[in-house]
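S.K.: The following block contains the structure, expressed as C-alpha cells.
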Amino acid sequence: MSEERYAIECKGITKSFGSVVANDHVDLKVKRGEILALLGENGSGKTTLMNMLSGIYHPDEGTIFINGKETVINSPTDADALGIGMIHQHFKLVEVHNAMDNIILGGKEKYFNRKELRNKILSISEKFGLEVEPEKKVYDMSVSEKQTLEIMKVLYRGADILILDEPTAVLTPQETQRLFAILRKMRAEGSAIIIITHKLNEVMEISDRVTILRKGKSVNTVVTRESTESRLTELMVGRPVSLSIERAVVKEKKKLLEVYHLSVKRQDGSIALNDVSFDICSGEILGIAGVAGSGQKELCEVLAGLQPVEKGAVLYDKENIIGKTPAEIISLGISMSFVPEDRLGMGLVASMGMTDNMLLKCYRDSKGPFIDRKPAKKLAEELIKKLDIQTPGTETPVRLLSGGNVQKVLLGREIQSVPNVLITAYPVRGLDIHSSYTIYDLLNEQKKKNTAVIFIGEDLDVLLQLADRIMVLCHGEVTGIVNAESTSKETIGWMMSGKKEVESVAGTIH
Amino acid sequence: MIVKFLVAAVLAGTPLLFGTLGEILNERAGHLNLGVEGMMSLGATAGFIVGYKTDNFVLALLAAFAAGAFGALIYAVLTVMLMANQNVSGLTLTIFGIGLSNFIGFYYVGKSAEGTLKLPERITAQMRSVHIPVLSDLPVAGELFFSYNPFVYLGIITAVVLGFYLFRTNAGLNIRAVGENPAAADAAGIHVTKLKYLNIMAGGGICGIGGAYTGMITNGGVWISDCVGGLGWIAVALVIFASWKPVKAVFGSLVFGAFRILKYYVVKDIIPIPDAFFDMLPFLVTALVLVATSMRQSRENNQPAGCGINYFREER
C-alpha cells in the first residue's frame, strides 16, 4: 500500500470551459514532507488544476485522493476541512483590518477572546519562523509581509497541504529566500507543498520533484536533482530553447535624455524621488532595479509628463520637458513611449478591442471630425502577424487575452510609433518564459534602431543580461549606476537595500 | 427654550437615525443602496395601514419592518443575484417605493368617509411618550432624556446593538470583510451571498421603521402623501457623516434633526430669513458634509472598499 504515503493524488483530471480543454487527463502526486514544483507556460492549466484542489472548480472527469482516500471537494470550506490551504497570486486580504482579524476571518473562535487568539497566532509564528504582528493593519504591510500573513492564515486553520500560486512574482531576492526558509521548515514538519512558478532557478532551488504541464496535459514528472534548467524548459515548451539573452551591440551612441536633481513628492506628502540624476543614450538599455515602491513608478510618470515635480530638470535633446503636458511633449517631436506596469489599467482599455486601442494613440492623425478606423485595423492585423499575438480577432476585448498577449499588444503599439525613448515598467511581469523572451527580443530590436530604452525590472538575472547599465533605486534615491557587464547580483542586491555603490563596487572590479 | 429645541431635534432626528442605520448595514455588506427613500416610504405605508386596521402598535412596527425588508429584497435580487448596477437599482427602488406608497395611501383615503385617514385612538396612545416613573419626573433631565415616544428608545437601542454586532462579534467581522473584500471572505469560507441578503434585508427593515415614524408620528397620525419627504436622501449622506459607525449615527441624526426644526426656533422679527431657506438647510449642510468628509484621510473611516461593486466569484 505505497499509495497511502501521498497527501494528494490526482488521477486523470479533466476540466473544460466550453470548448476549451484546460486540463486533459492530468496526473499529479505529492508526498508529505515534499515540495513539488508545478511548471508550465501561461495557459497550460496550472491554476485551473489548483482551483480544483481548493474547491473552486469541479473536475469533469477523474478522481482526487487526499491522504489515500477518494474525495470530492465541493467548496473552499471542504478543502479547508481536508487541510488544504491555497495561497493565491492575488492576496485575499481585507486591507483595513489588522492581521489578527484577517487570520480569524470565517473561523469559529470567539471574536472577543483577543488575548487567546493572539497567543495562538504567536505560537504558530514561532514554530514556523513567520514574522506576523497581530495588530498591524494590512495596508501598512509590505508585499512580503502580506504574503507571510496569507501563509499564516492557512497554517492557523491547520492546513498541512499548501498550494502557492506564483508566490515569488512580487518578492525581492532576499524576501524570496525568507519565504523558502519558511517552506523548508514546513516541509521538515511534514507538510506537503505545491509551488507554482515560472522561475526555473527557484524550481531548482526549492523543489524535490517537478511536474510539468503543457497545453493542459501533464507531460512529465522529474526529480529535481536529476534534471537541469534547460531540460525543464524543453519539457515545458516542447522543444529546446536557448536560455541566454543576447545583448545587442550598438556602436554609435549619443546622449538623448538627461535628468538633473529630480525630486518628486507623492500625493500624501512622502518623498518618492530625492535628487535623482542620470542620463541615457540612444541605442542603450538602461535597467532600473529596486524594491517595489522605491520611486520607479513616479520616475516613469515624470518622464511621460504625467507627474508634477518638486524640483529638477529633464532635458530631452537639450530641451526641458518638465511642466509640459503629454500632448505637448509629443508635439515637440519627442516620441516617447510609455509601457506602464499596470497594463490593463493605464496602458490599454480593457474592454475595447485591439483596433480601438490602436486608435487611442493615433486618432489625432486622421483628418476631419470623423475617425478613420482603417489604418488602426490594419496596424492591429500587422501586429497580430508580426508578434504572433493569440487572439480571436482585432475586435475581441483585450482583457480576454492572456497576459503575454496583452503585453505584446501594448508594446507593439508603442513600438509602432518609432519612439526615440521607450519606457517599460515590468514588461514581463506574470509572463511565462516563452513570452518573456519574445519581449526581450523586441526590446533589443528597438535598441538596434537607436531607441533609448528604460527597462524597469524585478528579475536581477534578466537585468544583468539585457541592460547596458543598471541604475539602482532605494527609497527614491539613486544608490548607484553600474555597468551591467562588470557587476554582480549581490552588489545590486546590496544597493537595493541602501548601500551606496562606493562601498561594494571595489570588490567586483577585477 | 434650549431644552425644548433639543427635544424637538431628537424627535426630528429619529426617522433619520433609522434610515442611517439601515443604510449602514447595506453599505457594510458592500451595497450602496440608494433606495432608502423608497424603503422608508414602503415602511410608512405598511406601518400606517396596519396600524389603522389593527389598532396595534407592535403589529404596525412589524409590518413596517417587513415592507422595508421587502423593498430591500427586490434590490438584493437585482444587485446580488442578477448583478445589476447598484446605483440604478437603488434609484429605481426609491421611485418605485414612493410611487407605490402614495398609490396605496390615495386608495385608502378615497375609501374613507371623511376624506382623510387618521390613526385610531388606542394606537395613538401607545405611541405617546413613555412615562418612566421617577426618571421622567426629574427636572430638565427628565424632559431631555426620558420624555420620548417608543421609537426614540428603539432607535438608540438599535444603534447600540448594531454597533456591538458589527465590531464585537464574529458575524460582524464576517460582514465587514464581505463589504471590504468579498473575494477574501469567500476564500475564508464565508457564505457571501447569504450574508449579503440577510444584512441588506435587515437594513431595509430598519429603514422601514424609520418610514413608519414619518407616517404615523410626524403628522400626528394623519396620512399625508410623500410623508418621508427626502429624509432617505439625508440618511444616505449621514452614513458618510457617521463614517459607517452605528453609534456615531446617533449624533449625526441629532445634528440633522436640529437643522430640520431650526426654523421654528429662530426669532423671525430679528432675523428676516424666509422659511424656504430653512427647509433647504438640511440638504445644503448635507452637501457641505459630503465635501468635507471626502477630504478625510483615515482609511478606517472610509467607505467599505467593496461598496458599489457587485461580486462575481469567477471574474478575472
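The values are calculated or read from the model by the stated rules, or taken from the named source; none is laboratory data. The structure presented is a predicted model; accordingly, all values stated were derived computationally and were not measured. Heads up, the Cβs are rebuilt from the backbone with ideal geometry, glycines too, and the neighbour counts pull from every protein chain shown. When the accessible area is computed, the model is the full protein with side chains, heavy atoms only, and any ligands, DNA or RNA have been set aside. Shrake-Rupley method; radii C 1.70, N 1.55, O 1.52, S 1.80 Å.
S.K.: With a cut-off of 8 Å between alpha carbons and a minimum separation of six or more residues, what is the relative contact order of region A:423-501 in percent?
M.R.: RCO, region A:423-501: 23 percent.
S.K.: Mind checking the dipole of chain A: about its Cα centre, +1 per Lys or Arg Cβ, -1 per Asp or Glu Cβ, Debye to the nearest 20?
M.R.: Its charge dipole is roughly 500 debye.
S.K.: Let me ask you something else. I need the Debye-formula profile for region A:101-187: one equal scatterer per C-alpha, no solvent, reported as log10 I(q)/I(0) at q = 0.11, 0.25 1/Å, two decimals.
M.R.: At q = 0.11, 0.25 Å⁻¹ the computed log10 ratios are -0.30, -1.46.
S.K.: Total Å² of accessible surface buried at the A-B contact, 1.4 Å probe, nearest 100?
M.R.: Buried area (both sides, nearest 100 Å²): 2000 Å².
S.K.: Restricting to Cα pairs below 8 Å that are 6+ residues apart, what does the relative contact order work out to for chain A? Please round to a whole percent.
M.R.: That works out to 14 percent.
S.K.: Quick one: which residues, 5+ away or cross-chain, put their amide H under 5 Å from the amide H of residue A:305? H built at 1.01 Å from N.
M.R.: Distant-sequence amide H within range of residue A:305: zero hits.
S.K.: If you don't mind, there's one more thing I want to ask. Using only the alpha carbons of chain B, what is the convex hull's orientation-averaged projected area in square nanometres?
M.R.: Directional mean of the projected Cα hull area for chain B stands at 18.4 nm².
S.K.: If you don't mind, another one. How big is the dipole moment of chain B about its Cα centre under a simple scheme where the beta carbon of each Lys and Arg is +1, that of each Asp and Glu is -1, and everything else is neutral? Debye, nearest 20, please.
M.R.: Magnitude of the dipole: close to 380 debye.
S.K.: Could you give P(r) for region A:3-237, binned at 10 Å from zero, as whole percent values over all Cα-Cα pairs?
M.R.: 8, 32, 36, 19, 5, 0
S.K.: Calculate, for residue A:208 and residue A:81, the FRET efficiency according to 1/(1 + (r/R0)^6) with r their C-beta to C-beta distance and R0 41 Å; round to the nearest 0.05.
M.R.: With R0 = 41 Å, the Cβ-Cβ based efficiency is 0.95.
S.K.: I want to check the label-to-label distance for residue B:191 and residue A:488. Put each point 7 Å from Cα in the C-beta direction and report it in nm to one decimal.
M.R.: Taking the simple label geometry, residue B:191 and residue A:488 are separated by 6.0 nm.
S.K.: Oh, and also: Using alpha carbons only, how many angstrom separate the centre of region A:85-116 from the centre of region B:98-149?
M.R.: Each part's Cα centre sits 46 Å from the other's.
S.K.: Another one. If you restrict to DSSP beta bridges whose two residues both lie in region A:3-237, what percentage is antiparallel, to the nearest 5?
M.R.: 55
S.K.: Let me check I've understood the local charge: for residue A:16, count other residues with C-beta under 14 angstrom from its C-beta, Lys and Arg +1, Asp and Glu -1. What total comes out?
M.R.: Within the 14 Å Cβ shell, the charges total 0.
S.K.: Here is a further query. Whose amide H sits under 5 Å from the amide H of residue A:164, counting only residues 5 or more places off or on another chain, with H placed in the peptide plane?
M.R.: Counting only residues 5 or more places away or on other chains, the set is A:87, A:194, A:195, A:196.
S.K.: Let me ask you something else. Could you give me the ³J(HN,Hα) list for region B:145-151, computed from phi with Karplus coefficients 6.51, -1.76, 1.60 and θ = phi - 60°, whole Hz, x at Gly and Pro?
M.R.: These are the phi-based 3J(HN,Hα) values: 10, 10, 10, 10, 7, x, 4 Hz.
S.K.: Starting from the amide H of residue A:474, placed 1.01 Å from N in the peptide plane, find each other amide H under 5 Å away whose residue is 5 or more places distant or on another chain.
M.R.: A:479
S.K.: Per DSSP H run of n ≥ 4, the term is -39500 (n - 2.57); total these for chain B, divide by its residue number, and report the mean residue ellipticity at 222 nm rounded to 500 deg cm²/dmol.
M.R.: Helix contribution divided over all residues of chain B: -22000 deg cm²/dmol.
S.K.: Could you list the square roots of 5 times each eigenvalue of the Cα gyration tensor of the protein assembly as shown, that is, the equivalent ellipsoid semi-axes, sorted largest first and rounded to whole Å?
M.R.: They are 57, 34, 26 Å, listed largest first.
S.K.: Tilt of helix B:2-28 relative to the longest C-alpha principal axis of chain B, in degrees (0 to 90, nearest 10)?
M.R.: The angle comes out at about 20 degrees.
S.K.: Taking the Cα-to-Cβ direction at residue A:63 and at residue A:11 and moving 7 Å from each Cα, how far apart do the two end points lie in nm?
M.R.: A separation of 0.5 nm, rounded to one decimal place.
S.K.: Just to be sure I understand: of the beta bridges DSSP finds with both ends in the protein assembly as shown, what percent are antiparallel, rounded to 5?
M.R.: 55
S.K.: Would you mind pulling out the separation of the Cα centroids of region A:253-293 and region A:183-197, in Å?
M.R.: Spelled out, the Cα-based centre of one part sits 40 Å from the other.
S.K.: Another question about this same structure. Could you tally the net charge around residue A:194, taking each other residue with its Cβ under 13 Å from the Cβ of residue A:194, Lys/Arg +1 and Asp/Glu -1?
M.R.: Spelling it out: positives minus negatives among the neighbours equals 0.
S.K.: Given Cα pairs under 8 Å that are at least 6 residues apart, what percent is the relative contact order of chain B?
M.R.: Normalised by residue count, the contact order of chain B is 37 percent.
S.K.: Jot down the radius of gyration and Dmax of region A:349-417, Cα atoms only, both in angstrom.
M.R.: 11.4, 36
S.K.: Follow-up. Find out how many positive minus negative residues lie around residue B:199, taking Lys and Arg as positive, Asp and Glu as negative, among other residues whose Cβ is under 11 Å from that of residue B:199.
M.R.: +3
S.K.: How much accessible area per residue does the protein assembly as shown have, counting only protein heavy atoms and a probe of 1.4 Å, in square angstrom?
M.R.: 45
S.K.: With +1 assigned to the C-beta of every Lys and Arg and -1 to the C-beta of every Asp and Glu, and no other charges, what is the dipole magnitude of region A:349-417 about the Cα centre in debye, to the nearest 20?
M.R.: The dipole of region A:349-417 has a size of about 120 debye.
S.K.: Suppose only helical runs count, i.e. DSSP H with n ≥ 4. What mean residue ellipticity at 222 nm does that imply for chain A under -39500 (n - 2.57) per run, divided by all residues and rounded to the nearest 500 deg cm²/dmol?
M.R.: Computed ellipticity for chain A at 222 nm equals -9500 deg cm²/dmol.
S.K.: Continuing with this model, one more query. Which GluC sites (Glu not before Pro) from region A:27-111 combine a DSSP loop assignment with at most 11 other Cβ atoms within 10 Å?
M.R.: none
S.K.: Using a probe of 1.4 angstrom, how much of the accessible area of chain A is carbon and sulfur, in percent?
M.R.: Looking at chain A in its full context, I get 51 percent from C and S.
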